[in-house]
Amino acid sequence: MIDGVIIKKLKIMPDERGRLMEILRADDESFEKFGQVYMTTAYPGVVKGWHYHKKQADNMAVVKGMMKIVLYDGREKSPTFREIMEIFAGVHNPVLVHIPPLVYHGFKCISEEDAIVVNTTTHVYDYKNPDEFRLPAHGSEIPYDWSRKDG
């Protein structure tokens, strides 16, 4: 487990009308402060990554489909420096993934339909000076292969 990452199992409460799932509460261990909530999607097989934030923490939950969320700890002073972590999140594993600042992250849609991620951040997105630092998804800077691992 990468230092500072928190995985919270989400509870789905179904009844005859539908279902409810709390994602992030102000009394959760991972809650720091509220910046904004946004939703993003990925089509089957699409990879969105790599990036990190210097100030912002992310709290991601996949609410439709399945995603492989991958984290890479590039923090030289971290006890988990250079560690890679895979989290399979979505309808078959409803979890909230808290990603601290300076941890690279990306995701790949692994379901047969598009997947939807809801992200609650600790900071608002600054269009003039984004707190977002990117690397190519399939580059050599992070030692990770996004292809499916059969075996």
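So which residues in segment 73-88 are assigned to a strand (DSSP E or B), buried (at least 16 other Cβ atoms within 10 Å of the Cβ) and not acidic (D, E), if there are any at all?
M85, I87
Name the residue that is farthest from A115 (Cα to Cα), counting only residues in segment 73-102 that are more than 12 Å from the chain's Cα centre (by Cα) and of a type in the set (V, I, T).
T80
If V91 satisfies every condition in (1) surrounded by fewer than 16 Cβ atoms within 10 Å (Cβ to Cβ); (2) farther than 17 Å from I7 by Cβ but one, which is the exception?
Unmet condition: (2).
Could you identify the single residue in H123, H105 that is within 17 Å of H51 (Cβ to Cβ), within 17 Å of the chain's Cα centre (by Cα), assigned to a loop (DSSP other than H, G, I, E, B) and at pLDDT 95 or above?
H123
Return the only residue of V70, V46, V63, V37 being buried (at least 18 other Cβ atoms within 10 Å of the Cβ) and of a type in the set (A, V, I, L, M, F, W, C).
Answer to the selection: V70.
Filter segment 49-60 for residues that are under 23 Å from R25 (Cα atoms) and either surrounded by 16 or more Cβ atoms within 10 Å (Cβ to Cβ) or aromatic (F, W, Y) (or both) and give the result.
H53, Q56, A57, D58, N59, M60
If K8 satisfies all but one of (1) touching a Ser or Thr at 6+ places or on another chain (Cβ under 7 Å); (2) not in a strand (DSSP E or B), what's the number of the condition it fails?
(2)
The values are calculated or read from the model by the stated rules, or taken from the named source; none is laboratory data. Treat the numbers as computed from the prediction; the structure is a model and nothing was measured. Backbone-built Cβ (ideal geometry, glycine too); neighbour counts: all protein chains shown.
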